[in-house]
Number of protein chains: 2
Amino acid sequence: MSDKTQIPYKIYLAEEEMPAAWYNVRADMKKKPAPLLNPGTLKPCTAEELEHVFCKELVAQELNDKDPYIEIPEEIRNFYKMYRPSPLVRAYCLEKQLDTPAHIYYKFEGNNTSGSHKLNSAIAQAYYAKKQGLKGITTETGAGQWGTALSMACSYFGLDCIVYMVKCSYEQKPFRREVIRTYGAKAIPSPSMETNIGRKMNEEFPGTTGSLGCAISEAVEHATTHEGYRYVLGSVLNQVLLHQSVIGLETQTALKKYGIKADMIIGCAGGGSNLGGLISPFVGEMLRNEAKYQIIAVEPASCPSLTRGVYTYDFCDTGKVCPIQKMYTLGSSFMPSPNHAGGLRYHGMSCIVSELYNQGLIQARAVEQTEVFKAAEQFARIEGILPAPESSHAIKVAIDEALKCKQTGESKNIVFGLTGTGYFDMKAYEAFNDGKMSDYIPTDADIKKSTDAIPKFNVNF
Amino acid sequence: MSDKTQIPYKIYLAEEEMPAAWYNVRADMKKKPAPLLNPGTLKPCTAEELEHVFCKELVAQELNDKDPYIEIPEEIRNFYKMYRPSPLVRAYCLEKQLDTPAHIYYKFEGNNTSGSHKLNSAIAQAYYAKKQGLKGITTETGAGQWGTALSMACSYFGLDCIVYMVKCSYEQKPFRREVIRTYGAKAIPSPSMETNIGRKMNEEFPGTTGSLGCAISEAVEHATTHEGYRYVLGSVLNQVLLHQSVIGLETQTALKKYGIKADMIIGCAGGGSNLGGLISPFVGEMLRNEAKYQIIAVEPASCPSLTRGVYTYDFCDTGKVCPIQKMYTLGSSFMPSPNHAGGLRYHGMSCIVSELYNQGLIQARAVEQTEVFKAAEQFARIEGILPAPESSHAIKVAIDEALKCKQTGESKNIVFGLTGTGYFDMKAYEAFNDGKMSDYIPTDADIKKSTDAIPKFNVNF
């Protein structure tokens, strides 16, 4: 069914076409991602160890690399129905403007109050916490997207939600903080006086505006020192990619419904939650030799973990309180330049995405932020949606690829993930609108410095 | 088809089920709304007079009270397809929480970057301006919702877009200003130095932070003194209600598709654009004696034009540069208390809505803002969507009515309009979260003062 007129602007699935199970790509991988290790013993983390920090069922999902499908509980499916299925949109107007023979589709995850795909995993994590009979969960948030999603999920299940929010965001980005508060969650500026590590940071660095690393450490400390609390995380982990597979599964169903075969699948990559979720079912087809796709992970040139990092065991957090993981990493001491406004600032990458990249199943591309914002502006003006800076990394490469098709005359089907909206990112857009945005690419010396600082863990994976 | 399980959470229409024509309720009204008058001659405005200010085809629509259906041009239908049809959502979770036998539905217009229904008319007005070969259009905006929608529409058609933005909003609400700029429109703080009236205001009141009335006057002056420009308005006018009828038409089709008969239709009312658009097709059924509905317009107690205003000819704008219109009005000098954060601050009301109210076809109810924000918070927490303060007026009454059904045991079908999201209204939510929000109801003396100030126009309508 390739006749253009038969494909609507927005392909919506019916509720009964929504996935009933998440897809666990690890089950189909012959060479599995390396396990999380206890940094003390350098042995794979046991379920028991992880259950001090994370909810029991989520630990089981984290460690499960056998079952290809894990049923989505009915309560979660019902919540999904409030904002899913998300549309797969045919970018007719963008295609016309680019004058390309390519067909461009985007899976839009921004039509919910959290403004992004993060809600897909937040609701699952809150559900399992509730099921375990916990009082509440703790997390950290930088700009606030994940914190917002989690506050929504906890409010729905009546769970206490403690969000350690990096102090500079708490003070300078009051909008997301207020969304979090409106959903009844407690937003605490980090470093706080509520934890040992927070008090220590405030004492050692008076007036500090915090860091994500410190906020993680505070959230973990809060969870492990309060009865009935566990810590949750919005990206990087296997469980998160599992929950996010709803994105890819819906995309797959929508494409099949209209007989469309994707040639290329593009997603932005920070910690890997969106990318992993979008591509997993398609990678599964490749692993089972059912299809072939060109898959491109797009990352910022200022934080290029896949394209310039090393593949090794490293700390997941700058505070070094979490298990270590084998991944493409710039080193946990790596910090993107302060002028970086485009998100995706994580020093490492999901171990699933890392291993797929290592096996050559996916490609990676790094793009500079002024080009990303140009693409964002172009997209907003012609497709109506104001994209999040993170999502705009995928837009940039989708446009590049569509223009290549114009050169070659190929009418490829390009699918990309539009992870969210940029309504709370207007300070970054303001810098772009004012011509005050610049690019920064770390030097080889910068990267050598932070990757050399990764401890040489003596492990055999 | 009343079986609960058969109705999905979100009813989406297929593209081919979207309306091909707008519905013009005036055609079915036996007693028509009174015409716009030239304040100088006190005679009905002619098309020629209005065409100095407004686009030609929009003037024709403004004056057309004969044709029940006006075809939606294909270009506009195509743009609609990028963000419409909007879902009619069954509020299952809210119903469960309220433990009500009522069935609650809401038509959600917030899934687009303008964040509200305003885009429905913005794209139509931009289209006709483009078709007329104009260079651009001018408008005013307060908080920026309409300005955002218009900038999106103009960007799509490659039209110049000049938005006079009340200075205090321009400075204190930089986010919407940046959205407007991202769409390539020019946002000018009002009073500006670009118009005679702006210069005069700046001279007479140095340091003034502006008013909507002044911004309207500047936008009209800009349009009438620049070759190839016209002025456009986002509410109140007949043409705007006509375009907004897509809301009601889609709602009607969605209800019919599932065999649902609405008992009650609830909408918030500021200038009347959303309410008029939502209810028009249903009022049409009532006028043609095909059905009966209870229709409730909800307005803020701090700006109660329908419930406490007078029905008379008055100026539409505080600057008194526009034609006069017969409507329920508090007088153009009326200003809601500065502590009013809930939107819907217009002193008057669409003349169509006014006449329907005068004929007893619709009811009106005024609600206080702390109650509105309580309802907003409750709705956000259980239904996921963070509503605009304006929309939350309708939520408040929908909840009240659902609770009445709990008392009486009636399972009424309650339909309300959820006009938009509150992402750019977090300052108001912050005041509510901090317990710093208060109510203010104007005294009878306040209202007498501003209604007494309405000139006694010697007209016979």
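Given the convex hull of the Cα atoms of segment B:256-370, what is a quarter of its surface area in nm²? Display every interim value, and only then the final one.
Values: hull surface 32.5 nm².
With the hull built on Cα positions only, its mean projection is 8.1 nm².
Modelled label-to-label distance, A:ASN196 and B:LYS31, 7 Å Cα→beta-carbon offset: nm?
Modelled inter-label distance: 7.8 nm.
Going by alpha carbons, how many degrees (0 to 90, nearest 10) lie between the helix axis of B:273-287 and the longest principal axis of chain B?
With both axes taken from Cα atoms, the answer is about 60 degrees.
Compute accessible area for segment A:6-23 by itself and then with all protein chains, 1.4 Å probe, and report residues whose area falls by 40 Å² or more.
With the partner chains in place, segment A:6-23 has these residues losing at least 40 Å²: A:TYR9, A:LYS10, A:TYR12, A:GLU15.
Taking every eigenvalue of the Cα gyration tensor of segment B:359-461, multiplying by 5 and rooting it, what semi-axes result, largest first, whole Å? Mind dumping the intermediate values first?
Details: eigenvalues 179, 95, 38 Å².
They are 30, 22, 14 Å, listed largest first.
Just which residues of segment A:78-110 lose 50 Å² or more accessible area with every protein chain there, against their chain alone, with the probe set to 1.4 Å?
A:MET82
About its Cα centre, how strong a charge dipole does the protein assembly as shown have in debye, to the nearest 20, once Lys and Arg get +1 and Asp and Glu get -1 at the Cβ?
Values: 98 positive and 102 negative charges, 109 e Å.
Charge dipole of the protein assembly as shown: 520 debye, to the nearest 20.
How big is the B-A contact in terms of buried accessible area, both chains counted, 1.4 Å probe, rounded to the nearest 100 Å²? Intermediate values should be presented prior to the final figure.
Details: alone 18200 and 18180 Å², together 32330 Å².
Accessible area lost upon association: around 4000 Å².
Roughly how much of B:GLU15 is accessible, in Å² to the nearest 10, using a 1.4 Å probe?
In the full protein context, B:GLU15 sits at about 40 Å².
Among the residues of segment A:182-198, which ones have their accessible area go down by 50 Å² or more when all the protein chains sit together, as opposed to their chain alone (1.4 Å probe)?
Hits at the 50 Å² cut-off: A:THR182, A:TYR183.
Extending each Cα 7 Å along its Cβ direction at A:GLU285 and B:THR224, get the distance between those two points in nm, one decimal.
About 6.1 nm separates the two model spin labels.
In square nanometres, what is the average projected area of the Cα convex hull of segment B:78-171? Show your work: numbers first, answer last.
Details: hull surface 31.9 nm².
For the Cα atoms of segment B:78-171, the hull's average projected area reads 8.0 nm².
Calculated FRET efficiency, B:LYS292 and B:GLU16, Cβ-Cβ r, R0 30 Å, to nearest 0.05? Numbers along the way, then the final one.
Numbers: r = 30 Å, r/R0 = 1.00.
E between B:LYS292 and B:GLU16, to the nearest 0.05, is 0.50.
So what's chain B giving for Rg/Rh, alpha carbon basis, Kirkwood Rh from the mean inverse pair distance? Don't skip to the answer; put the middle values down first.
Numbers: Rg = 20.8 Å, Rh = 22.1 Å.
Taking Rg over the Kirkwood Rh, I get 0.94.
Taking the Cα centre of segment A:237-382 as origin and charging only Cβ (+1 Lys, Arg; -1 Asp, Glu), how large is the dipole, in debye to the nearest 20? Intermediate values should be presented prior to the final figure.
On the way: 12 positive and 11 negative charges, 34 e Å.
Dipole of segment A:237-382, to the nearest 20 debye: 160 debye.
At a Cα cut-off below 13 Å, give the aspartates and glutamates reachable from B:LYS292, other chains included and same-chain residues fewer than 8 away excluded.
Cross-link targets: B:ASP263.
Rounded to the nearest 0.05, what FRET efficiency do B:GLU410 and B:LYS256 give with R0 = 22 Å and r taken as the Cβ-Cβ distance? Could you check? List each step's numbers first, then the result.
Details: r = 22 Å, r/R0 = 0.99.
With a Förster radius of 22 Å, E is 0.50.
Once you put a point 7 Å from the Cα of B:THR41 and another 7 Å from the Cα of B:ALA445, both along the Cβ direction, what distance in nm separates them?
A separation of 4.3 nm, rounded to one decimal place.
Rounded to a whole number, what % of the accessible area of chain A do carbon and sulfur atoms account for, probe 1.4 Å?
On the way: 8220 of 16160 Å².
C and S fraction of accessible area: 51 percent.
For segment B:212-371, with the dipole built from +1 on Lys and Arg beta-carbon atoms and -1 on Asp and Glu ones, taken about the Cα centre, which of B:ILE216, B:GLY319, B:LEU278 lies farthest toward the positive end?
Sorting the options by dipole projection puts first B:LEU278.
Lys and Arg at +1, Asp and Glu at -1: add these up for the other residues within a Cβ distance under 14 Å of A:GLY110 and post the number. It would help to have the intermediate numbers written out before the result.
Values: positive: A:LYS10, A:ARG84, A:LYS107, A:LYS118; negative: A:GLU109, A:GLU383, A:GLU390, A:ASP425.
Summing Lys/Arg as +1 and Asp/Glu as -1 gives 0.
At 1.4 Å probe radius, can you tell me the per residue accessible area of segment A:206-353 in Å²?
Working: 3950 Å² over 148 residues.
Dividing the accessible area of segment A:206-353 by its residue count gives 27 Å².
Step through the residues of segment A:178-195 one at a time and calculate ³J(HN,Hα) from phi using the Karplus curve (6.51 cos²θ - 1.76 cosθ + 1.60, θ = phi - 60°), rounding each to whole Hz and writing x for Gly and Pro.
Karplus-based 3J(HN,Hα) across segment A:178-195 equals 6, 4, 4, 5, 4, 7, x, 8, 9, 9, 10, x, 10, x, 10, 9, 8, 10 Hz.
Given the pairs A:LYS200/B:LYS436; A:LYS374/B:LYS130; A:LYS56/B:LYS396; A:LYS186/B:LYS406, which are separated by over 30 angstrom at their Cα positions? Display every interim value, and only then the final one.
On the way: A:LYS200/B:LYS436 34 Å; A:LYS374/B:LYS130 25 Å; A:LYS56/B:LYS396 40 Å; A:LYS186/B:LYS406 33 Å.
Over 30 Å apart, Cα to Cα: A:LYS200/B:LYS436; A:LYS56/B:LYS396; A:LYS186/B:LYS406.
Sequence neighbours fewer than 8 away in the same chain don't count; with that in mind, list the lysines whose C-alpha is under 22 Å from B:LYS326.
Counting by Cα, and skipping residues close in sequence, B:LYS326 has these lysines nearby: B:LYS30, B:LYS31, B:LYS32, B:LYS43, B:LYS66, B:LYS448, B:LYS449, B:LYS456.
Around A:VAL367, with a cut-off of 9 angstrom between Cβ atoms, what is the net charge of the other residues, counting Lys and Arg +1 and Asp and Glu -1?
Numbers: positive: A:ARG365, A:LYS396; negative: A:GLU299, A:GLU368, A:GLU371, A:ASP400.
Cβ neighbours under 9 Å give a net charge of -2.
Which FRET efficiency, nearest 0.05, do A:LYS66 and A:LYS456 yield, Cβ-Cβ r, R0 30 Å? Walk me through the intermediate numbers first.
Details: r = 31 Å, r/R0 = 1.04.
Efficiency for this residue pair is about 0.45.
Report the longest stretch of chain B that contains none of the trypsin sites (Lys or Arg not before Pro) sitting in a DSSP loop with at most 16 other Cβ atoms within 10 Å.
Working: sites that count: B:LYS30, B:LYS31, B:LYS66, B:LYS135, B:LYS261, B:ARG288, B:LYS292, B:LYS320, B:LYS436, B:LYS456.
Within chain B, the longest run free of exposed trypsin sites (Lys or Arg not before Pro) spans B:136-260.
How large is the charge dipole for segment A:411-461, taken about the Cα centre, if only the Cβ atoms of Lys, Arg (+1) and Asp, Glu (-1) carry charge, to the nearest 20 debye? Numbers along the way, then the final one.
On the way: 6 positive and 7 negative charges, 46 e Å.
Using only the charged Cβ atoms, the result is roughly 220 debye.
Restricting attention to segment B:367-461, which GluC sites (Glu not before Pro) occupy a DSSP loop and are surrounded by at most 15 other Cβ atoms within 10 Å?
Numbers: sites: B:GLU368, B:GLU371, B:GLU377, B:GLU383, B:GLU390, B:GLU401, B:GLU410, B:GLU430; in loops: B:GLU368, B:GLU410.
Answer in residue order: B:GLU410.
Per residue, what accessible area does segment A:22-82 have, given a 1.4 Å probe and all protein chains present, in Å²? Let's see the in-between values first.
Working: 2970 Å² over 61 residues.
Normalised by residue count, the accessible surface of segment A:22-82 is 49 Å².
The values are calculated or read from the model by the stated rules, or taken from the named source; none is laboratory data. Computed from a prediction, not measured in an experiment: that's the story for all the values here. Please note: Cβ atoms are built from the backbone with ideal geometry, for glycine as well, and neighbour counts cover all protein chains shown. Only protein heavy atoms, including side chains, enter the accessible area calculation; ligands, DNA and RNA are left aside. Shrake-Rupley method; radii C 1.70, N 1.55, O 1.52, S 1.80 Å.
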